[in-house]
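A quick write-up on the structure given underneath.
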Amino acid sequence: AQSVTQPDIHITVSEGASLELRCNYSYGATPYLFWYVQSPGQGLQLLLKYFSGDTLVQGIKGFEAEFKRSQSSFNLRKPSVHWSDAAEYFCAVGDPANFGNEKLTFGTGTRLTIIP
Amino acid sequence: NAGVMQNPRHLVRRRGQEARLRCSPMKGHSHVYWYRQLPEEGLKFMVYLQKENIIDESGMPKERFSAEFPKEGPSILRIQQVVRGDSAAYFCASSPTEGYNEQFFGPGTRLTVL
């Protein structure tokens, strides 16, 4: 069964600084990979996804993620964070072999705090 | 086009009562997923439904929990005889078809069991 690890529970960065959130997965082949953001009291919003092809994926709100097969990682990056980026970020994987059942496996999340 | 609707947003129940959580998918979406988020944890898959069919309920506890998605009306997640450990946020997501389309999440129902 696949699993997702987000090793950082909580990260604090200054507004305008760069950001990298880590995500590692365990899966026999290349899974489908997703990053979601959850603002307080809200549902989840998809930032970006990777299925195949170019390993650098661009998403919404200025985020990007890079798939590295050798490291089983899919880290999320942003060159300059804004106060509105403060939220919980979840990495998730889907099983390409599971066509017809696209349930996702989520990591435990990373809470991002932005300081002025 | 309204997003995924969930109601109620907050639900308080005493131990032993029943909880009914409703999810109206986005218009045109016929696939519904339910996830549970325990405090300080990520979302855990519970059940996947298509209209009138349960496709995968492998993440749902065998007892007290049930789900349905009738031909007409919202999807319902029902928890009978709730216990304190059922306190969590329950999220519903919908997608339009098979295949790894984006799952659109609702705002969740936060269940508190006293």
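Which residue, of A:44, A:48, is touching an Asp or Glu at 6+ places or on another chain (Cβ under 8 Å) and not polar (S, T, N, Q)?
When all the criteria are applied, what remains is A:48.
Tell me which residues, restricted to region B:45-94, are under 12 Å from the mean Cα position of the chain (by Cα), over 12 Å from residue B:23 (Cβ atoms) and surrounded by 16 or more Cβ atoms within 10 Å (Cβ to Cβ).
Across region B:45-94, the qualifying residues are B:45, B:48, B:57, B:59, B:60, B:65, B:79, B:88, B:89.
Of the residues that sit in region B:82-106 and are closer than 18 Å to residue B:5 by Cα and outside any strand (DSSP E or B), which one is modelled with the highest pLDDT?
B:106
Can you tell which of B:61, B:107 is out of contact with any helix residue (DSSP H, G or I) (no Cβ under 8 Å at 6 or more places or on another chain), in contact (Cβ under 8 Å) with a residue 12 or more places away in the chain and not β-branched (Val, Ile, Thr)?
That would be B:107, the only listed residue that is out of contact with any helix residue (DSSP H, G or I) (no Cβ under 8 Å at 6 or more places or on another chain), in contact (Cβ under 8 Å) with a residue 12 or more places away in the chain and not β-branched (Val, Ile, Thr).
Evaluate region A:22-32: report whether one residue or more is closer than 20 Å to residue B:104 by Cα and modelled with pLDDT under 90.
Yes, region A:22-32 has at least one match.
Restricting attention to region A:20-45, which residues are in a strand (DSSP E or B) and over 13 Å from residue A:87 (Cα atoms)?
Correct list: A:20, A:24, A:25, A:26, A:32, A:33, A:34.
Taking region A:46-67 on its own, how many of its residues are in a loop (DSSP other than H, G, I, E, B) and surrounded by fewer than 13 Cβ atoms within 10 Å (Cβ to Cβ)?
Total meeting the criteria: 4.
Any chance you could count how many residues in region B:1-19 are within 14 Å of chain A (Cβ to nearest Cβ) and assigned to a strand (DSSP E or B)?
Within region B:1-19, residues that are within 14 Å of chain A (Cβ to nearest Cβ) and assigned to a strand (DSSP E or B) number 4.
Before we move on, is residue A:107 within 11 Å of chain B (Cβ to nearest Cβ) and touching a strand residue (DSSP E or B) at 6+ places or on another chain (Cβ under 7 Å)?
Spelling it out, residue A:107 is indeed within 11 Å of chain B (Cβ to nearest Cβ) and touching a strand residue (DSSP E or B) at 6+ places or on another chain (Cβ under 7 Å).
Find the residue count for region B:34-64, including only residues that are over 19 Å from residue A:91 (Cβ atoms), facing chain A (nearest Cβ under 9 Å) and out of contact with any strand residue (DSSP E or B) (no Cβ under 7 Å at 6 or more places or on another chain).
Adding up the residues that qualify gives 1.
List, please: which pairs have Cβ atoms under 7 Å, are six or more places apart or on different chains, and start with a residue in region A:1-18 that is within 11 Å of another protein chain (Cβ to nearest Cβ) and end with one that is of a type in the set (D, E, K, R) and assigned to a loop (DSSP other than H, G, I, E, B)?
Between residues of region A:1-18 that are within 11 Å of another protein chain (Cβ to nearest Cβ) and residues that are of a type in the set (D, E, K, R) and assigned to a loop (DSSP other than H, G, I, E, B), the close pairs are A:6/A:22.
Kindly check whether there is at least one residue in region A:74-88 that is among the aromatic types (Phe, Trp, Tyr), buried (at least 17 other Cβ atoms within 10 Å of the Cβ), over 11 Å from the mean Cα position of the chain (by Cα) and not in a strand (DSSP E or B).
No, there is no match, as no residue in region A:74-88 is among the aromatic types (Phe, Trp, Tyr), buried (at least 17 other Cβ atoms within 10 Å of the Cβ), over 11 Å from the mean Cα position of the chain (by Cα) and not in a strand (DSSP E or B).
The values are calculated or read from the model by the stated rules, or taken from the named source; none is laboratory data. Computed from a prediction, not measured in an experiment: that's the story for all the values here. As a convention, Cβ positions derive from the backbone with ideal geometry for all residues, glycine included, and neighbour counts pool all protein chains shown.
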